[in-house]
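What follows is one structure encoded as structure tokens, with my remarks underneath.
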Amino acid sequence: MKIIGAEVIVCSPGRNFVTLKIECEGGIVGWGDATLNGRELSVASYLRDHVIPLLIGRDARKIEDTWQLLYRGVYWRRGPVTMAAIGAVDIALWDIKAKALGVPLYQLFGGASRDGVLVYTHATSTSVEGVVKVARDLMAKGWKAVRIQTSVPGLNNTYGVSASKGAYEPASRGTSLVEETWDSRPYLNWAPKLFEGVRAELGPDPILLHDGHHRLTPIEAGRLGKALEPYDLFWLEDAVTGELQSGFDVVRQHTTTPLALGEVFNTIWDCQHLVTRQSIDYLRMTPSHSGGLTPLRKIAAFCEPYQVKMAPHGPSDISPVALAAALHFDLAIHNLGIQEWMGHHDDTMKVFRTNYRFADGMLHPSDAPGLGVTFDEAEAAKYPYQQAYLPIARKLDGTLTDW
Ligand code: GCO
Ligand code: MG
């Protein structure tokens with residue numbers, strides 16, 4: 001099964017996506033997601049200029065060997081651009097293999113370990129009352145798990161809260177950078193009050209999550225986790241940036257609130273200490289940004305004996321192709337925690353046609369052969385790429401800080 005063609009398609013149906021198409025002898029086509037929010041064209045070039053010339057003529061069935069070639073055979077390893085490019089190739093090759101065998105991809109990973117994948121989505125608002133209303137509406141639609149974010153009194157433009165009405169979308173089009181403000185003190189005082197108010201209204205049953213988006217120091221995160229313990233969070237995500245893996249040992253000493261981390265990680269080397277020290281509970285790595293399903297399955301197996309569960313990142317900047325890849329992975333592995341599913345813009349769903357099934361708070365990737373997602377190239381051509389950037393954050397005195 002020789003690879004006879006590969007193409008990168010950059011489009012912007014609601015937001016930017018970089019999609020890889022790999023075509024084989026016999027006509028089977030596989031799809032991969034190479035989207036890296038705010039740096040899309042760098043991955044497109046990496047694929048077009050450096051990876052695709054190596055793929056043509058290779059046997060599409062040799063997924064492990066191709067992965068090793070693109071990772072080990074380059075000398076310059078790791079990093080978000082490299083790993084997003086390798087991830088797109090790997091996802092597309094798994095799509096091809098499953099299509100060639102006529103099975104949904106999860107069957108190649110040992111079959112389904114569960115009936116469906118528990119998913120969470122986002123409830124955001126400027127107030128406790130507002131976020132409670134959004135969460136209630138979501139639960140009425142069948143959601144069992146909801147991430148709660150609100151504005152922080154005293155801070156402008158907090159992470160996770162839309163400036164305009166509608167779903168939260170962090171990247172903004174054009175070249176002027178959106179600036180958020182950050183100060184840990186008002187946030188640390190606000191977050192426990194927020195969850196006290198939400199639990200008082202929603203009761204003990206709903207699964208509630210929260211994302212700190214890398215902004216606290218380890219000791220601040222320890223204080224927050226401790227203050228949130230009475231409100232039974234499923235997790236506190238990205239309390240501290242992940243580069244300092246031992247920082248999470250400090251957080252862990254101070255709280256039993258479960259900790260999640262890893263949406264910006266690319267390889268097992270980003271989480272090795274965190275996992276073996278058992279200083280996190282959920283690992284947020286996702287196939288597209290982590291070099292694909294081949295390494296992510298190994299990472300899941302590495303996490304299993306340490307009781308760390310996988311919980312792939314699934315915001316709108318993960319395309320429906322990578323989300324489907326994550327769902328097949330989630331359905332099959334033993335140590336699944338939860339899957340994020342933020343949903344996509346209507347225009348995105350005109351380009352990517354999915355067969356997901358949502359019921360009772362769970363999502364199923366479908367039983368169509370392969371990933372179960374098709375990409376409409378003619379429709380994609382209607383939405384040309386638009387430059388977009390993620391926001392930045394500054395402290396109240398103007399110092400640039402982690403967004
Ligand atoms: C999440 C994430 C996203 C990121 C986004 C950046 O938990 O869903 O934190 O909202 O900010 O993926 O591109
Ligand atoms: Mg996050």
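Annotations
- Search result, residues across the range 337-349 that are assigned to a loop (DSSP other than H, G, I, E, B) and either touching a helix residue (DSSP H, G or I) at 6+ places or on another chain (Cβ under 9 Å) or under 18 Å from PRO312 (Cα atoms) (or both): GLY337, ILE338, TRP341, MET342, GLY343, HIS344
- Hey, VAL119 within 16 Å of ligand 1 (Cβ to nearest atom) and in a strand (DSSP E or B) or not: yes
- ILE280 vs. criteria hydrophobic (A, V, I, L, M, F, W, C), in contact with a Ser or Thr (Cβ under 7 Å, 6 or more places away or on another chain), modelled with pLDDT of 95 or more and not in a helix (DSSP H, G or I): no
- Residue match in the range 283-290 (condition: within 28 Å of TRP67 (Cβ to Cβ), in contact with a Pro (Cβ under 6 Å, 6 or more places away or on another chain), in the same structural domain as ILE318 (by TED's automatic domain parsing) and outside any helix (DSSP H, G or I)): yes
- Residue that is farthest from the chain's Cα centre (by Cα), among those in the range 30-73 that are farther than 23 Å from ILE318 by Cα and basic (Lys, Arg): ARG58
- Scanning the range 195-241 for residues that are more than 23 Å from the chain's Cα centre (by Cα), of a type in the set (A, V, I, L, M) and within 17 Å of ALA145 (Cβ to Cβ) yields a total of 3.
- Pairs with Cβ under 7 Å, 6+ apart, first in the range 44-64 and within 18 Å of TRP31 (Cβ to Cβ), second part of a helix (DSSP H, G or I) and small (Gly, Ala, Ser): TYR46/ALA85; LEU47/ALA85; LEU47/ALA88; VAL51/ALA85
- Search result, residues across the range 307-349 that are within 16 Å of ligand 2 (Cβ to nearest atom) and aromatic (Phe, Trp, Tyr): TRP341
- Residue ID - surrounded by the fewest Cβ atoms within 10 Å (Cβ to Cβ), chosen from residues in the range 199-247 that are over 18 Å from ASP402 (Cα atoms) and within 16 Å of ligand 1 (Cβ to nearest atom): ILE207
- For the range 307-322, the count of residues that are more than 19 Å from the chain's Cα centre (by Cα), free of Cβ contacts under 8 Å to residues at least 60 places away in the same chain, in the same structural domain as LEU244 (by TED's automatic domain parsing) and over 23 Å from GLN149 (Cβ atoms) is nonzero.
- Those strands (runs of 3 or more DSSP E) lying entirely in the range 1-110 with at least 2 residues among the charged types (D, E, K, R) and buried (at least 16 other Cβ atoms within 10 Å of the Cβ): 17-24
- Here is the figure for the range 350-381: residues that are without any contact (Cβ under 8 Å) to a residue 40 or more places away in the chain and either part of a loop (DSSP other than H, G, I, E, B) or closer than 20 Å to LEU138 by Cα (or both) total 4.
- Which listed residue is in the same structural domain as PRO153 (by TED's automatic domain parsing), acidic (Asp, Glu) and part of a helix (DSSP H, G or I), from GLU220, GLU180: GLU220
The values are calculated or read from the model by the stated rules, or taken from the named source; none is laboratory data. Given the structure is predicted, the values throughout are model-derived calculations rather than measurements. Backbone-built Cβ (ideal geometry, glycine too); neighbour counts: all protein chains shown.
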